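Have a look at the structure below before the remarks.
Derivation of every value follows stated rules applied to the coordinates shown; laboratory data play no part. Only a predicted model underlies this, so the values are computations on that prediction, with no experimental measurement involved. Note: ideal-geometry Cβ built from the backbone for every residue, glycine included; neighbour counts use all protein chains shown.
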Amino acid sequence: MTIEIANLRTGEEQATAARSRLYQVLANAFAFPDQELFEAIRDGTLAQSLAQIAASLPYPLPDAIRPQLREAGDSYVDFESEYVRLFDVGPAGPPCPLYGGVYAGDRMRTMEDATRFYNFFDLRIAPDLRELPDHITTELEFMHYLTFRETEARQQGHDPGSLLRAERDFLSRHLCRWVPRMRERLAKQTTLPFLPALVDFALAFFEADRAYASQAAEHCS
Amino acid sequence: VKLTRRQFLQASGLTIAALSLERLAVAIPSAAEERALPEIPPYRAWEDLYRQKWAWDKVTKGTHCVDCYPGGCSWNVYSKDGVVWREEQAGRYPAVEPGVPDMNPRGCQKGGTFSRVMYGAERIKYPLKRIGPRGSGKWKRVSWDEALTEIADAMVTAMVEVGPESIVFEVGPGNAGIFQVLSLGRFAAILGATSLDVDGLIGDFNVGNYITFGKFQHCSSHDDWFHADLILIWHMNPLYTRIPEAHYITEARYKGAEVVSIAPDYNPSCIHADLYVPVEPGSDAALGLGMAHVIVAEKLYDARFVMEQTDLPLLVRKDTRKFLRASDIEAEGRDDQFYFLDATKGTVEKAPLATLDLGGVDPALEGRIRVRLRDGKEVEAVPAFSLLREHLEAYAPEKAAQMCGTPASLIRDLAHKVARKRTHILVGWNSNKYYHGDLMERAQCLVLALTGNWGKKGTGTRGWNECGDPKHIFGSRRTADPEEFATIEQIFAGLAEKIRAADPTLTDEMVAIERERLAPALWGAAPPAFYWYYHGGYREVWNRKEWHDPSMKRSFDEYFAEATAKNWWEALLEPAPERPPQVLIGAAGSTLRRTRGGYKMLLKNLWPKLKLVVTIDPRMSTTAMYSDIVLPVAWFYERPDFRFFTPHTTFNTFTDAAVPPLGESKTEWEICALLARKIGERAKARGLEEYAKRRRVPNGLIRLVAGSLGEMLTRLSENELFDRVLATLFPGRDIMTRRRRFDTLYDRYTFGGQLREGDLEKALELFVSDSVREGIYPAGTTLQTYRQEGIVRFVGLGKVDPVALNMACDIKPNETVNPLTWHTEKKIPYPTLTRRAQFYIDHDWFLEAGEALPTHKPNPKMGGNYPFRLTSGHQRWSIHSIWVVNKVVSHTHQGRPTLFMNPDDAKKKGIHDGDLVKVRNDFESFRAHVKLAPSARPGQLIMYHAWEPYQFPDWKSYDVLIPGMVKWLHLAGGYGHLRYWRWNWQPQQADRAIAVDVEPA
């Protein structure tokens, strides 16, 4: 499903759209890398895009854009293989799974919480996706959705309070909770600069966005 | 417009916001139709999420098609949004017999956490191709088409260059619904590949029971335990391994039964017993023979039962120590006609072949008689029972106590109990994993025979039984036409007629077994021992004479050479030594974990020969880590299937596709169909049309048709012979021809295109219809019945499968199941050489080894001369390795491989609780943490089964130091029932009582 809202006029609207856009870009950046992504990392397209969007955010992300965001190695095959090793398969599981529930005490409870968020906003996992609700890409897409709806609400003059509070809570209960733990494992597992740099960027964004949403929610009804 | 990945990544203009949902979808279709996006509901805080009632999308029936035995627990599976969230015991088992508790609820902590295993970190979701060295952990995701193309290419090359037998299928029970086995089995058979016998692979063949009964796959339903007055838990730890059934032990005890646990260690089941009987590991035969001594010496035996049901009254020549046979006495006498000494008349009488009914004969158990042979020589013969009595002199309780460590008074006490009480021996798959497990089981059977303890409620011993399904007929189908059932039934009947023509006294069970003996050459089955010997490097290990029993007179190779030269394993030596395996297809079996010593031996010797190693598995096992291609497969709640059918539970259990398979996983049904098609395509691209199956046709098949084709057969080439014989026996079944076309494989696999890759559901419907037609399930049973009920109780076990006939009993609607009653009540003979429960084996090798009668021999020093004995058993926390890394279950124990050790031993070795220790012998070593446990016997180390090698330092699990010895006697053949058929008579690796030492690491 693709829907566009044109003619964003206010800085607030544009800043919210940038947040939504950044979640969308990150969802793609964390998804399984194809050759196109690899090239986009290496030629700087991704880093540039992150930088440009970050510049439109309603808060700064100091030092988040690093040169390492371009350093995915020389070979796509090696890069892909490293992704598979870190996130997909390994003895007793990969070292750094991209599933939030793995880092929680109770995986099912985490998946349920995420699903309750999705269901509350009348969403569900796409039936043909065959993926789980606590995968990082799904969670990022949910944030992309909430912030898109926030943009829409702002443009239409509606109160975005519900959306802001949901963004705050979803970040707190999910992405901000488990991605730091994944980052700790990643540090011990890979020498490839790109992936830790991407996670660091994402973490800086999550934390800043949670603070922003939390604060903005206080001004809403 | 779909954006490219790059477009997604690029920044867009600031004045546009774009929503793109790929992973999430609008949940309410009506909202999606009426308005592009749903209304935003008021949200205050996270508590709002939990104010909405959680509702399931559906509740389906499920079970776990893993080699949990008996398994078949029916669960309700709760799913929502494409995710299974939980499962709960369905608890729908009706009471069967008045006065006997029902089976509810069935299910254990493993079943209750399976949804978490299903989504565990070890789950494979995409096809993978290795890009680094094997085992390096470097993978790339590939498409199904890429993966199948690579596999098909390797298979085509193997088929034309070496022969299809060089493609080896090792189908394990890790994901084993009926349709997993049928899919892979059908595919392998159509290719002409080698399918390794699963029982030989996993070592669950109860050898001693087989030697005694000519079969081992008979078991009572577990509700029948309730009828016992004495339950001997002997080589079983039901509190770990029979959690859903253990209540019957307690309930039998409430009713007044006495429960005795016989084990080297004070295992968790012992605390629920009235009496604990300690025994040295591997010395149970001495204990059993000590009991037999008491029963015989004190004349406590059931003479009528012994005379009628066993070979003990049969006469044995004193000069040769062989049975007296009609061929000794008459010119045209049969080699399998044996004799009684009639106690009343003092004459020699033929033991009837077609019945156990003694008629007017009064067989003597003692005495002697001189018999004139046809060459004029006169010899003395005595009943086997006399020999037994003499033999048992060595096992007077005081002597037996020296051998087994059980006090003599306790041996006497036990013997008296068994003689007095309706006794059931709960034996698992522990005894058969000892080198001399056959002797232990034969001794157990002897105790039961002497006391008349089988063939009636609450008695008997047990083995694996998987029957009650129409796999023979369904598997033989060429089409999905329901009416083909009758054609196949006729073919089976025709075969039976031909077999029986040679000997009209054969029972239905014997005929079915003989028919099954012809099958390997057609369907590609092979005992794995030969594959390991020729290709796995085990020849060298098995020739270490010092690791065998000292009574092995010659070298292992000499026995092996004799066995093969005499054609005892005719047409089973696959893949042949000159045609080494090229492609290994491992399906949820994990050969590198499962094969004893396999991680050392197979990686070193077999792996270099293999051009391609493929693993088809839902989880990343150790073997998957060493594979070239890994294919993800649907797990238990993601496909419709049936659990193995077993009379142990008497209910067939269904599992439904609650959710779609995760990621890109597919069912085995679909994978095999796609691969069959791909092989055709790739062969065509290479200009190849056909290939030849090189396996020879066994003499047994030729003999069957010799009458109709006569001498013409002798003039035919091997190729022509194969096809002519099969065309005669199986008219119109061109599936089994020697020369096969690549472009027909898909058509053959898919039942003539009628059941294609997407038609699993239709295949199940046909399967159910076949099973009803065979009289196994009630008329009117459909797939929908299973879907609703989850379980359906047998009304019969089937007429074709010899394993069904091995039960030798009727299924009654309101009674527990007890096997062997056709023998005890209807007097139908047993499928042994003597047609009786056989305790005297006069095979030359057995005589040479001193094992003609059940005897006791100490454990060989497998691994070297070391003071400790490493034993094992199935663990409480996992079914094989499937749950071993599951966090929920692993948090209930140490969560890591643990070696149980007696504190006194540990003190002497300077080992403390929790220490990492090194366990070693001359074969290998491993390291693990110690748990001090007074329950472990001094000198015993216990490492429960099936940890993944990757859970140990250097990936060396306890399996690695098990040399995987096989007992030479199990290569014997050419003797009555000592001949291979599926899951039966074959060598299997010993893994208990391995000689080791231990020290701090």
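Taking Rh as the Kirkwood radius computed over C-alpha pairs, what is the Stokes-Einstein D of chain B at 4 °C in a medium of viscosity 1.567 mPa s, expressed in µm² per second? Don't skip to the end; give the middle numbers.
Numbers: Rh = 29.9 Å.
Translational D for this selection: 43 µm²/s.
Under a 5 Å amide H to amide H cut-off, with H placed in plane at 1.01 Å, what residues pair with B:L820 once short-range neighbours are removed?
Answer set, sorted by chain and number: B:A808, B:C809.
Using Cα pairs under 8 angstrom and six or more residues apart, how large is the relative contact order of chain B, in percent? Walk me through the numbers on the way to the answer.
Working: 2158 pairs, mean separation 197.7, N = 1001.
Relative CO of chain B lands at 20 percent.
For region B:314-387, with equal point scatterers placed on the C-alpha atoms only and solvent neglected, what are the log10 I(q)/I(0) values from the Debye formula at q = 0.13, 0.15, 0.16, 0.19 1/Å, to two decimals?
Listed by q, the Debye log ratios stand at -0.33, -0.44, -0.50, -0.72.
If each residue of separation counts as 0.36 nm, what is the full-extension length gain between B:T344 and B:V59 once their alpha-carbon separation is subtracted? Could you put the intermediate results ahead of the total?
Details: separation 285, 0.36 × 285 = 102.60 nm, distance 6.89 nm.
Using 0.36 nm per residue and subtracting the Cα-Cα distance, I get 95.7 nm.
Using a simple spin-label model with points 7 Å from Cα along the Cα→Cβ vector, what separation in nm is obtained for B:E251 and B:T15?
Modelled inter-label distance: 7.8 nm.
Using r as the Cβ-Cβ distance of B:Q784 and B:T479, and R0 as 22 Å, what FRET efficiency do you calculate, to the nearest 0.05? Walk me through the intermediate numbers first.
Details: r = 23 Å, r/R0 = 1.06.
The value I calculate is 0.40.
Taking only pairs that are 8 or more places apart or on different chains, how many Lys pairs in region B:31-171 have Cα atoms under 25 angstrom apart?
15
Kirkwood Rh, region B:479-571, all Cα pairs: how many Å?
Working: mean 1/r = 0.0596 Å⁻¹.
Roughly 16.8 Å, rounded to one decimal.
Give me the number: length gained by fully extending B:K827 to B:I131, i.e. 0.36 nm times residue separation minus the C-alpha to C-alpha distance, one decimal in nm. Walk me through the numbers before you get to the answer.
Working: separation 696, 0.36 × 696 = 250.56 nm, distance 6.27 nm.
Contour length minus Cα-Cα distance gives 244.3 nm.
Please report the projected area of region B:832-988's Cα convex hull averaged over all directions, in nm². All intermediate terms of the calculation are to be shown ahead of the outcome.
Working: hull surface 47.7 nm².
Convex hull of Cα atoms, orientation-averaged projection: 11.9 nm².
Out of residues 5 or more away from B:E690 or on other chains, whose amide H comes under 5 Å of its own, with H placed 1.01 Å from N in the peptide plane?
B:F742
Return the loop-located trypsin sites (Lys or Arg not before Pro) in region A:1-105 (DSSP other than H, G, I, E, B) with at most 12 other Cβ atoms within 10 Å of their own Cβ; answer none if there are none.
Details: sites: A:R9, A:R19, A:R21, A:R42, A:R70, A:R85; in loops: A:R9.
Qualifying residues, ordered by number: A:R9.
With only Lys, Arg, Asp and Glu charged, each at its Cβ (+1 for the first two, -1 for the last two), find how big the charge dipole of region B:886-1001 is about the Cα centre; round to the nearest 20 debye. Provide the component values of the computation, followed by the final result.
Numbers: 15 positive and 12 negative charges, 62 e Å.
For region B:886-1001, the charge dipole is close to 300 debye.
Using +1 at the Cβ of each Lys and Arg and -1 at the Cβ of each Asp and Glu in region B:497-637, identify which of B:M552, B:P580, B:P618 lies farthest towards the dipole's positive end.
Of the listed residues, the answer is B:P618.
Which part of region B:966-991 falls in the paramagnetic zone of B:R321, meaning amide N under 16 Å from the point 7 Å along Cα-to-beta-carbon?
Correct set: B:969.
Note down, for the protein assembly as shown, the three equivalent ellipsoid semi-axes (square root of 5 times each alpha carbon gyration tensor eigenvalue), biggest first, whole angstrom.
Values: eigenvalues 722, 213, 160 Å².
Here the semi-axes work out to 60, 33, 28 Å.
Apply the Karplus parameterisation 6.51 cos²θ - 1.76 cosθ + 1.60, with θ equal to phi minus 60°, to every residue of region B:508-517 and state each ³J(HN,Hα) to the nearest whole Hz, in sequence, with x for glycine and proline.
Running phi through 6.51 cos²θ - 1.76 cosθ + 1.60 with θ = phi - 60° gives 4, 5, 5, 4, 5, 5, 4, 4, 5, 5 Hz.
By counting other Cβ atoms within 10 Å of each Cβ, how are B:E88, B:E757, B:E514 ranked from fewest to most? Don't jump to the answer; show the numbers that get you there.
Numbers: B:E88 15, B:E757 19, B:E514 23.
So the ranking, lowest neighbour count to highest, is B:E88, B:E757, B:E514.
When the Karplus curve 6.51 cos²θ - 1.76 cosθ + 1.60 is applied with θ = phi - 60°, which whole-Hz ³J(HN,Hα) does each residue of region A:35-44 get, with x for Gly and Pro?
Here the 3J(HN,Hα) series is 4, 5, 5, 4, 5, 5, 6, 5, 8, x Hz.
Enter the mean number of other protein chain beta carbons within 10 Å of the beta carbon of each residue in A:102-112, as an integer. Could you put the intermediate results ahead of the total?
Details: counts 4, 0, 0, 2, 3, 7, 9, 0, 0, 4, 7.
Taking all residues of A:102-112 together, the mean is 3.
Using a Cα-Cα cut-off of under 15 Å, which aspartates and glutamates could be cross-linked to B:K908, ignoring same-chain neighbours fewer than 8 residues away?
B:D997, B:E999
For B:N76, what is the net charge nearby, where nearby means another residue's Cβ is under 15 Å from its Cβ and Lys, Arg count +1, Asp, Glu -1?
Working: positive: B:K58, B:K61, B:K80, B:R86, B:R92, B:R106, B:R787; negative: B:D57, B:E87, B:E88, B:D656, B:E789.
Overall, the nearby charge balance is +2.
How large is the translational diffusion coefficient of region B:925-969 in µm² per second when you combine the Kirkwood radius over alpha carbon pairs with Stokes-Einstein at 10 °C and 1.306 mPa s? Intermediate values should be presented prior to the final figure.
On the way: Rh = 12.4 Å.
For the chosen part, D equals 128 µm²/s.
Taking θ as phi - 60°, what are the ³J(HN,Hα) couplings along region B:185-190 by the Karplus curve (6.51, -1.76, 1.60), each to the nearest whole Hz, with x for Gly and Pro?
x, 5, 4, 4, 5, 5
At 7 Å along the Cα-to-beta-carbon direction for both A:A6 and B:L275, put a label point, then send me their distance in nm to one decimal.
9.2
What's the local net charge at B:N453, with K and R +1, D and E -1, over the other residues with C-beta under 9 Å away? Spell out each step's value before the answer.
Numbers: positive: B:K421, B:R422, B:K456; negative: B:D302.
Here the charged neighbours net out to +2.
At 0.36 nm per residue, and after removing the present C-alpha to C-alpha distance, how many nm does the segment from B:H416 to B:L916 gain when stretched out fully? Each step should come with its number before you reach the end.
Numbers: separation 500, 0.36 × 500 = 180.00 nm, distance 4.55 nm.
My answer for the length gained is 175.4 nm.
For chain A, just run the numbers: alpha carbon Rg, then divide by 2.2 N^0.38 Å, N being how many residues it has.
Numbers: Rg = 17.2 Å, N = 221, 2.2 N^0.38 = 17.1 Å.
Normalised by 2.2 N^0.38 Å, the Cα Rg of chain A equals 1.00.
Report Rg (one decimal) and Dmax (nearest whole number) for region B:877-942, counting Cα atoms only, units Å.
13.1, 37
Is region B:752-870 best put as rounded, prolate or oblate by its Cα gyration tensor, with a ≥ b ≥ c the root eigenvalues, rounded for a/c under 1.5, and otherwise prolate when a/b is larger than b/c, oblate when not?
Details: a/c = 2.69, a/b = 1.81, b/c = 1.49.
Verdict is prolate for region B:752-870.
Between B:Y50 and B:K566, what is the label-to-label distance in nm when each label sits 7 Å out along the Cα-to-Cβ direction?
Taking the simple label geometry, B:Y50 and B:K566 are separated by 7.3 nm.
I'd like the distance separating the alpha-carbon centroids of region B:83-123 and region A:13-38, in whole Å.
43
Dividing the Cα radius of gyration by the Kirkwood radius, what Rg/Rh value follows for region B:116-200? Spell out each step's value before the answer.
Details: Rg = 15.1 Å, Rh = 15.1 Å.
Result: Rg/Rh = 1.00.
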